[in-house]
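Asker: Quick one: the structure is below, questions incoming.
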């Protein structure tokens, strides 16, 4: 058996690869790692067993700067947004084996339709899950305050859309005051879902401090929206205890996060304008209520004044009626008084005559004329035998005199 040096063996493999794989081929794989350096894109490609999720193949690929720039111009897509860890891609590669650096795949083209199709299929599966679980309307059912001024913002501190949002919000022409707090998170790339979910949990613990959650980012390509189609992110957003306003910054397409949010707007500036308009509507409503209240007060005051005038008029009429009644009564008394006095005097005279007759009938003279005598003892009239005592002296009074006797 012949032996080879390492260089000789690698040179043999290089020639074998060049002879047997002279042309580029299309390969389907999943992106495990993406690294961009000086415009070159270094990728780690993997294939997994669909049932066991175990790796069955792994390889290194590179897309050189000139190829990357030409691809972006041709497809009008941004590679950093397109090449996200975990996505399935279809690449045209040329196998290249170097004696020193080993085997790598040089990428000559990418099929955007394959990746977009995979993303669309995954999006449709997630949408079906959200609909079946009844999560699309959960956040919409939450009540957004009439004047939402305390805002929890989830965005990247470096996002241009964040600065546009804050500038529009804080320099509104009406002088409305908003109190916002930034909860920083990636809004593009593979870290979008875990970081946004983490901040949603943080806000949930402090939801009493805020009126709404605002998720915003600057503009981007259509593939950027796939980060907001991720199932776990959508489930976490649907479970939020505060209304979510989104301004993800894409004019033509909607992410699943937009579909389940309480209010979805196209751009961060549109979200700011929505909040300003809502406060203006609230102010107008308060002003209208104040105007209505003032009108009600004026109406009530007018009614009270009218009632007071009626009461005054009724009081005057009542006073006049009472005076006339008193005058009538006085006139009646004046007419009846002589007759009443005469009657009372006659009645009194009759009573006096009756008393005089009674007195006369009860007098001693009347008793004597009728044949009666009166017995006294010590000046007291004796009315009963039991009142007499032995040896007591009594006096019997007659019409023509008296007789003294002594009781045995």
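Asker: Comparing 108, 332, 376, which has the greatest mean-square fluctuation in the GNM of the chain with Cα pairs linked when under 10 Å apart?
Answerer: Maximum among the listed residues: 376.
Asker: Taking just the alpha-carbon atoms of region 365-406, what radius of gyration and Dmax come out, in angstrom?
Answerer: Considering region 365-406 through its Cα atoms, Rg and Dmax are 10.7, 31 Å.
Asker: Most exposed first by the Cβ proxy, i.e. fewest other Cβ within 10 Å, how do 7, 165 rank? Don't jump to the answer; show the numbers that get you there.
Answerer: On the way: 7 10, 165 28.
If I rank by nearby Cβ atoms, fewest first, I get 7, 165.
Asker: Also, quick follow-up: What percent antiparallel are the DSSP beta bridges of the chain, to the nearest 5? Kindly include the intermediate steps, with their values, before the conclusion.
Answerer: Numbers: 40 of 59 bridges.
The antiparallel proportion sits near 70 percent.
Asker: Same structure, new question: What's the whole-number percent of alpha carbon pairs in region 20-120 lying beyond 16 angstrom?
Answerer: 57
Asker: OK, next. Please rank 328, 64, fewest neighbouring Cβ atoms within 10 Å first, as an exposure proxy. Intermediate results must be reported in sequence, preceding the final value.
Answerer: Working: 328 10, 64 14.
Fewest-to-most ranking of 328, 64: 328, 64.
Asker: How long are the three semi-axes of the equivalent ellipsoid of region 208-318, in whole Å, if each is the root of 5 times an eigenvalue of the C-alpha gyration tensor, listed from largest down?
Answerer: Working: eigenvalues 637, 42, 16 Å².
Largest first, region 208-318 gives 56, 14, 9 Å.
Asker: For region 154-190 and region 253-304, what is the centre-to-centre distance using only Cα atoms, to the nearest Å?
Answerer: Using only Cα atoms, the two centres lie 21 Å from each other.
Asker: Sticking with this one: With an 8 Å Cα cut-off and a minimum separation of 6 or more residues, compute the relative contact order for region 6-110 in percent. Please report the intermediate quantities before stating the final value.
Answerer: Working: 186 pairs, mean separation 36.0, N = 105.
Relative contact order here is 34 percent.
Asker: Just report the Cα centroid separation between region 105-120 and region 338-408, whole Å.
Answerer: Taking the Cα centre of each part, region 105-120 and region 338-408 sit 150 Å apart.
Asker: Could you work out the equivalent-ellipsoid semi-axes for the chain, taking the square root of 5 times each eigenvalue of the Cα gyration tensor, largest first, in whole Å? Walk me through the numbers before you get to the answer.
Answerer: Numbers: eigenvalues 3208, 202, 49 Å².
In descending order, the three semi-axes are 127, 32, 16 Å.
Asker: With everything on Cα atoms, drop me the angle between helix 268-362 and the longest principal axis of the chain, reported from 0 to 90° to the nearest 10.
Answerer: That works out to roughly 10 degrees.
Asker: Another question about this same structure. Mean separation of Cα pairs under 8 Å and 6+ residues apart, divided by the residue count of the chain: what relative contact order is that in percent? Working shown, then result.
Answerer: Details: 587 pairs, mean separation 44.1, N = 408.
Rounded, it is 11 percent for the chain.
Asker: Ok, one more. To make sure I understand, if each residue's beta carbon is the centre and we count other beta carbons within 10 Å, what order do 146, 275 fall in, fewest to most?
Answerer: Numbers: 146 13, 275 28.
With the fewest neighbours first, 146, 275 line up as 146, 275.
Asker: What three numbers, in Å, describe the spread of the alpha carbons of region 138-281 along their principal axes, ordered from the longest?
Answerer: Dimensions of region 138-281 along the principal axes of its Cα atoms: 39, 29, 24 Å.
Asker: Now, a different point. Counting only Cα atoms, I'd like the Rg/Rh figure for region 280-399, Kirkwood definition for Rh.
Answerer: Working: Rg = 42.0 Å, Rh = 24.1 Å.
Rounded to two decimals, Rg/Rh equals 1.75.
Asker: To continue, here is another question. Sum -39500 (n - 2.57) across every DSSP H segment of at least 4 residues in the chain, then divide by the residue count to get the 222 nm mean residue ellipticity, nearest 500. Before the final figure, lay out each step's value.
Answerer: Details: 10 runs with 190 residues, N = 408.
Value at 222 nm, helices only, nearest 500: -16000 deg cm²/dmol.
None of the figures in this text is laboratory data; all of them are computed from the coordinates on show. Because the structure is predicted, anything quoted here is derived from the model rather than measured. All Cβ positions, even for glycine, are placed from backbone atoms using ideal geometry, and neighbour counts span all protein chains on display.
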